[in-house]
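The values are calculated or read from the model by the stated rules, or taken from the named source; none is laboratory data. Keep in mind that what you see is a predicted model, and the values were worked out from it rather than measured. Reconstructed Cβ throughout: ideal geometry from the backbone, glycine too, with neighbour counts over all protein chains shown. Protein only, heavy atoms only, side chains kept; ligands, DNA and RNA dropped before computing areas. Shrake-Rupley method; radii C 1.70, N 1.55, O 1.52, S 1.80 Å.
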Amino acid sequence: MITTTRSEELFERARRVIPGGVSSPVRAFGSVGGTPLVLQSARGAEVVDVDGNVFLDFVGSWGPLILGHSHPAVVKAVSEAAARGTTFGAPCPGELALAERVTSMYPGLEQVRFVSSGTEATMSAIRLARGATGRDLIVKFAGCYHGHADHLLVAAGSGLVTLGQPSSAGVPAAFAERTLVCDLDDLDQLERLFAERGKDIACVIVEPFPANNGLLIQRDGFHQRLRELTTQHGTVLIFDEVINGFRLAPGGAAEVLGITPDLATFGKVIGGGLPVGAFGGKRELMEQLAPLGPVYQAGTLSGNPVAMAAGLAALDELERRDGFARLEELGAGLEARVAPLLAKRGFTFVRRGSIFWMSLQAGEAPRRADAIDAQAADRYREIFHGLQERGICIAPSAYEVGFLSLAHTEADLDRLSIALEETLG
Ligand SMILES: *Cc1c(COP(=O)(O)O)cnc(C)c1O
């Protein structure tokens, strides 16, 4: 008898009324195959699907859940805030509190503006950089993801440092052409680009520890040179800290690297699991925004009191529990367990703090997107399903990283490494 799970039943219904059955593409399990688990609840390090199966979770909703799922402090803050009003469309104490908090944590963050997603944050930061410099060209790196604004859905053109080409239908070529795509781990290319076009480049946007195409750790000196080149040419340096920020250190990647960008963008952790994004940086740049300056930017639900309360509660709890140190301890613990298992097969465990990735190919871990071996995705697919059968969720794509949260325990790390050993065997 073939039985249908409730997940399969609901997903089948969802596919009729939601394109692909999902609200964001990677959730469809396209690259690993199978039917996505439809989740009904989650707590701490565990998620529960609609069939009542419990899984140990290393996806963490793709990054926001640094305390784990439905942390009591966040749930309490959200409930209390909601009872006072879910949205005012007016200044509120919560946004002031979160703004004061994050500007005190992140290097060079003099002012910040809240939005509702990471996409909005990067889109707005780029508009601001263009408005402030009066230049049109922007530079991004292949393999970095910055949300789905038109000018950021751009792939490298043919040849070195060429005009970008749309990587999605619906993005006008004329937009993509104003985005130059560089390779990570290639400073020569950047030097040439700045020598030729530096005075036309409004901004460079980069994920300091790129975590959307594997985890592509850059060599020492990469960011330093990027900082020097942008400063020399009056180009705005934007650190996209949507994943790195408030996860790697109180001051994000900027603190870890000891480099202060002109603007930084945030999302994920800053919202404590609710929809929040933010961008900020130097006062002289930020005051170019409306209502003070000519660069327009707005949002009906921006600075939403419930979302602000969630973000604040998450940052409070992180501080109270010395969370960054504990996350590093957990990350090191996972590395100690898993790295040898992978090394036995010639693979590499890549980690920065609580962000991890398995490089399932021989040789050095990749530092740029095109160094990732396509066969690694086939290996990942087997591991993914092997772990899911053993009650463990990792991201349903070989290119996505895993996240640890303060809800994980050493016992959870043991479970993952034992299941991984069985699966690899
Ligand atoms: C997730 C992500 C974004 C986009 O954020 P959304 O909230 O999904 O719009 C932007 N930049 C980076 C680095 C991200 O990881």
Please compute the modelled spin-label separation between Ala173 and Asp136, points set 7 Å along Cα→Cβ, answer in nm with one decimal. 1.5 nm
If the cut-off is a Cα-Cα distance under 24 Å, which lysines reach Lys140, setting aside same-chain residues fewer than 8 apart in sequence? Lys199, Lys268, Lys282
Label zone at Glu410 (point 7 Å along Cα-to-Cβ), backbone N below 12 Å, segment 318-340: 330, 333-334
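Is the shape of segment 72-319 best called rounded, prolate or oblate, per the rule: a/c under 1.5 gives rounded, else a/b larger than b/c gives prolate, else oblate, with a ≥ b ≥ c the square roots of the Cα gyration tensor eigenvalues?
Numbers: a/c = 1.88, a/b = 1.67, b/c = 1.13.
Since a/c reaches 1.5 and a/b is larger than b/c, the shape of segment 72-319 is classed as prolate.
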What residues have an amide H closer than 5 Å to that of Gln111, excluding those fewer than 5 places away on the same chain, when H is modeled at 1.01 Å from N in the peptide plane? Gly281, Arg283
Between Asn53 and Ala298, what's the calculated FRET efficiency when r is the beta-carbon distance and R0 is 60 Å? Round to 0.05. 0.90
Using bins 20 angstrom wide from zero, how does P(r) for the chain break down, in % of all Cα pairs? 26, 59, 15, 0
Under a straight-distance cross-link criterion of Cα-Cα below 20 Å, which aspartates and glutamates are reachable from Lys344, leaving out those fewer than 8 residues away in the same chain? Glu335, Glu364, Asp373, Asp378, Glu382, Asp414, Glu421, Glu422
How much length is gained on full extension from Glu287 to Glu12, taking 0.36 nm per residue of separation minus their Cα-Cα distance? 94.1 nm
Cα centroid separation - segment 103-133 against segment 256-313, whole Å: 5 Å
log10 of Debye I(q)/I(0), alpha-carbon scatterers only, for segment 14-81 at 0.29 Å⁻¹: -1.27
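At 1.4 Å probe radius, can you tell me the per residue accessible area of the chain in Å²? Can you show the working numbers first?
Details: 17960 Å² over 425 residues.
Here the residues of the chain average 42 Å² of exposed surface.
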Report the label-to-label distance for Ala155 and Thr4 in nanometres (one decimal), using points 7 Å from each Cα along the Cα→Cβ vector. 3.6 nm
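How large, in percent, is the carbon and sulfur part of the accessible surface of the chain at a probe radius of 1.4 Å?
Values: 9290 of 17960 Å².
The C+S portion of the solvent-accessible surface of the chain is 52 percent.
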